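Worksheet for the structure shown next.
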Amino acid sequence: MRPESQIPTFAPMKNSNDTFKALISHCKEYGYVFPSSEVYDGLGAVYDYGPYGSELKNNIKQFWWSAMVKMHENIVGIDSAIFMHPKIWKASGHVDAFNDPLIDNMTSKKRYRADVLIEEYVDKIQAKIDKEVAKAAKRFGDAFNIEEFLSTNARVLANQEKIDTVMKRFTTATEAGDLAEMKQIIVDAEIACPESGSREWTDVRQFNLMFATEMGSLSAESNKIYLRPETAQGIFVNFLNVQKSSRQKIPFGIAQIGKAFRNEIVARQFIFRMREFEQMEMQFFVRPGEQKKWYDEWKSRRLAWHKALGSPAEKLQFYDHPNLAHYADAAVDIQFQFPFGFKELEGIHSRTDFDLAKHQEFSGKKMQYFDPEINENYVPYVVETSIGCDRTFLAVLSNAYCEEEVPNAKGGTDKRVVLKIPAPLAPVKVAVLPLVNRDGMPEKAGEIIDLLKYDFNTQRDDKQTIGKRYRRQDAIGTPYCVTVDTETLENDTVTLRERDSMEQVRLPIAELKAKIGEKVSLTELLKEL
Ligand code: GAP
């Protein structure tokens, strides 16, 4: 079992640190994400979702759930408990092998993940190569041939050699679980503590990522249970309950959205790596021998989902795992280009019959399916798609966050920060703005809200100038603003302003529902699948 965090990524780091910092503070200022327990100075790598954040998260979950359960006759959903029988984690391999290699710096007393130190070292060298390429591209202009440059430039070749050597040693050490070699790579590469600059390292040790607690009133080893580190096992152990109660025939899938917990050693990059997070997982049960076909099918279906969610094709890539976990016969990540580089957003794994067979062995209960078409009993094979809800949230916001110069009323320009969240996912769909808070406009705004609130998340915004209100709604990501003015009181028409184009049209109140509905419905995204 290899936590996803140990899978190296080779893509160059993009230096968009400032945008990322701006996005994090925007999330706090506009009620998307707050550090957990902030009044007590926070709790490492735990976050709370604010009023807009929880709406966006719910919409992402709804889109995923609909794409799985509503769009497929042969996928059903469950909601299993977080606490599970401790033997489950023994059977799944998590008790013995769900580990990260950690190392301490003796000077700073800081603890690091050995694999992350090595990965960051590789990223730094890759950044040097990228810099050389950018410089040469500028110097040679149209005549620049990147392949030729990469295969002939002496500095690039030397740096590439360094990366290849370290990655080869790292991959072999990871596969063999060779912790001494992992330390030796850090020593040989002269990797220093980012905090103290010291190269005084302890040995590398394994650290289990599961959180344990006790069930019942007595603290004893036999009462020890774990907070689930993945939702998948709740699906595996319910496989026959679900299959029988929902009368599914293979191939069929079980979907689940729920919390998972991992005691991450290095928890950084905002909500990318958290200790408490949410997964959206689907286990697809297939006939043995048919897993490759379904693995390929789910790769393409999941990529289509990410594109429908608004991620541009160039920000998505497949990354095949070079070393497979013992239970998998194929595994790929869908990586997204976060502000800090291409990183795993979703995993698609062909897990063979490993999990069901292990639960059969550890529980003593049959996990077999009788296939009426071929008249055979077998333990099904499983292709899983597993995506982090929080990482998807971060991907959506990374795509959406935009700083723009826009014309103002005085003929100059203003800066606007706008979240161009796909309208069906936006937390608030429509804000209703009475131009002034008198002359019957607030009452009219109330009537419009009453008309729209059954179909859309609406918000009244009546403080400050209209310009400032538009900026506020842009910053929240509201796709539509409806302004109530004197003309509204005369003829029941309003202006409808669209967030991205900032275009305004005048239309009758009676047409608002249809006009807004056509853009903000999840159905439009689902039709793209
Ligand atoms: N059942 C398979 C499984 O759990 P994984 O690659 O360990 O596979 C699946 O996790 C997804 O869960 C990842 O692709 C990622 O999006 C999300 N994830 C994993 N660890 C996370 C963490 N510490 N914080 C936020 N999301 C995480």
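Over region 101-208, calculate the relative contact order: mean separation of alpha carbon pairs under 8 Å at least 6 apart, over the residue count, as a percent. Walk me through the intermediate numbers first.
Details: 108 pairs, mean separation 48.7, N = 108.
Averaging sequence separation for qualifying contacts and normalising by length gives 45 percent for region 101-208.
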*asked:* Could you derive backbone 3J(HN,Hα) for region 335-347 from the dihedral phi with the Karplus parameters 6.51, -1.76 and 1.60 (θ = phi - 60°), listing whole Hz in sequence and x where the residue is Gly or Pro?
replied: 9, 10, 7, 6, x, 9, x, 6, 9, 5, 10, 9, x
*asked:* Classify region 143-266 from the C-alpha gyration tensor, please: rounded if a/c falls under 1.5, else prolate or oblate depending on whether a/b exceeds b/c.
replied: oblate
*With DNA, RNA and ligands ignored, accessible area of LEU227 (1.4 Å probe; Å², nearest 10)*: 40 Å²
*Tell me which residues come under 5 Å, amide H to amide H, from MET106 once H is placed; ignore anything under 5 positions away on its chain.*
GLU200, TRP201, THR202
*Remind me, what semi-axes does region 335-440 give for its equivalent ellipsoid, largest first in whole Å, using sqrt of 5 times each Cα gyration tensor eigenvalue?*
54, 20, 11
*Built amide H within the under 5 Å cut-off of VAL379, gap 5+*: TYR369
*Using θ = phi - 60° and the Karplus curve 6.51 cos²θ - 1.76 cosθ + 1.60, what whole-Hz ³J(HN,Hα) does each residue of region 442-452 get, with Gly and Pro shown as x?*
x, 5, 5, 4, x, 4, 5, 4, 4, 6, 9
*Over region 422-526, average the accessible area per residue using a 1.4 Å probe and give it in Å², no decimals.*
45 Å²
*Against the longest principal axis of the chain, how steep is helix 51-65, in degrees 0 to 90 to the nearest 10, with axes from Cα atoms?*
60 degrees
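Give me the accessible area per residue for region 168-259, probe 1.4 Å, as a whole number in Å².
It amounts to 51 Å² per residue over region 168-259.
Beyond 20 Å, what percent of the Cα pairs of region 101-208 remain?
Numbers: 2774 of 5778 pairs.
That fraction is 48 percent.
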_Below 8 Å, C-alpha to C-alpha, sequence gap of six or more: please give me the relative contact order for the chain in percent._
15 percent
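Given a 1.4 Å probe and every protein chain left where it sits, what share in percent of the accessible area of region 101-208 is carbon and sulfur? Don't skip to the answer; put the middle values down first.
On the way: 3240 of 6250 Å².
Carbon plus sulfur share of accessible area: 52 percent.
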*Where does helix 389-400 land angle-wise versus the long Cα axis of the chain, in degrees 0 to 90, nearest 10?*
50 degrees
_Which trypsin sites (Lys or Arg not before Pro) in region 348-424 sit in a loop by DSSP (not H, G, I, E or B) and have at most 12 other Cβ atoms within 10 Å of their own Cβ?_
LYS365, LYS366, LYS410
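Roughly how many percent of the accessible protein surface of region 422-526 is carbon and sulfur, given a 1.4 Å probe and a whole-percent answer?
Details: 2360 of 4690 Å².
Ligands and nucleic acids excluded, carbon and sulfur give 50 percent.
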*Measure of size requested: the Rg and Dmax of region 263-406, with Cα atoms as the atom set and Å as the unit; please supply both.*
18.2, 68
*Once the convex hull of the C-alpha atoms of region 422-526 is built, how many Å³ does it hold per residue, rounded to a whole number?*
86 Å³
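Carbon and sulfur atoms: what percent of the 1.4 Å accessible area of region 283-391 do they account for?
For region 283-391, the apolar C and S fraction of the accessible surface comes to 49 percent.
Suppose all protein chains stay in the model; what accessible area per residue would a 1.4 Å probe give for region 282-329, in Å²?
Details: 2150 Å² over 48 residues.
In whole numbers, region 282-329 has 45 Å² accessible per residue.
Any of LYS224/LYS244; LYS28/LYS124; LYS70/LYS307 with alpha carbons more than 22 Å apart? Name them for me.
Values: LYS224/LYS244 31 Å; LYS28/LYS124 30 Å; LYS70/LYS307 19 Å.
Exceeds cut-off: LYS224/LYS244; LYS28/LYS124.
Give me the mean projected area, in nm² to one decimal, of the convex hull enclosing the Cα positions of the chain.
Values: hull surface 126.6 nm².
Here the figure is 31.6 nm², rounded to one decimal.
Can you give me the relative contact order of region 422-526 as a percent, contacts being Cα pairs under 8 Å and 6 or more apart?
Details: 165 pairs, mean separation 32.6, N = 105.
About 31 percent, as a whole number.
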*Under the Karplus curve 6.51 cos²θ - 1.76 cosθ + 1.60, θ = phi - 60°, whole-Hz ³J(HN,Hα) for region 83-89, x wherever Gly or Pro sits*: 7, 9, 4, x, 5, 4, 7
*Go through region 433-529 and name the trypsin sites (Lys or Arg not before Pro) that are in a DSSP coil and have 14 or fewer other Cβ atoms within 10 Å of their Cβ.*
ARG438, LYS453, LYS463
*Taking the mean number of other Cβ atoms within 10 Å as a proxy for protection, how do you rank 335-341, 93-99 from highest to lowest?*
335-341, 93-99
*Check ALA330: other-chain or 5+ apart residues with amide H under 5 Å from its amide H, H built from backbone geometry?*
SER350
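The values are calculated or read from the model by the stated rules, or taken from the named source; none is laboratory data. Just so it is clear, the model here is predicted, and its values are computed rather than measured. With ideal geometry, Cβ positions are generated from the backbone for all residues, glycine too; neighbour counts draw on all protein chains shown. Calculation scope for accessible area: heavy atoms of the full protein, side chains included, ligands and nucleic acids excluded. Shrake-Rupley method; radii C 1.70, N 1.55, O 1.52, S 1.80 Å.
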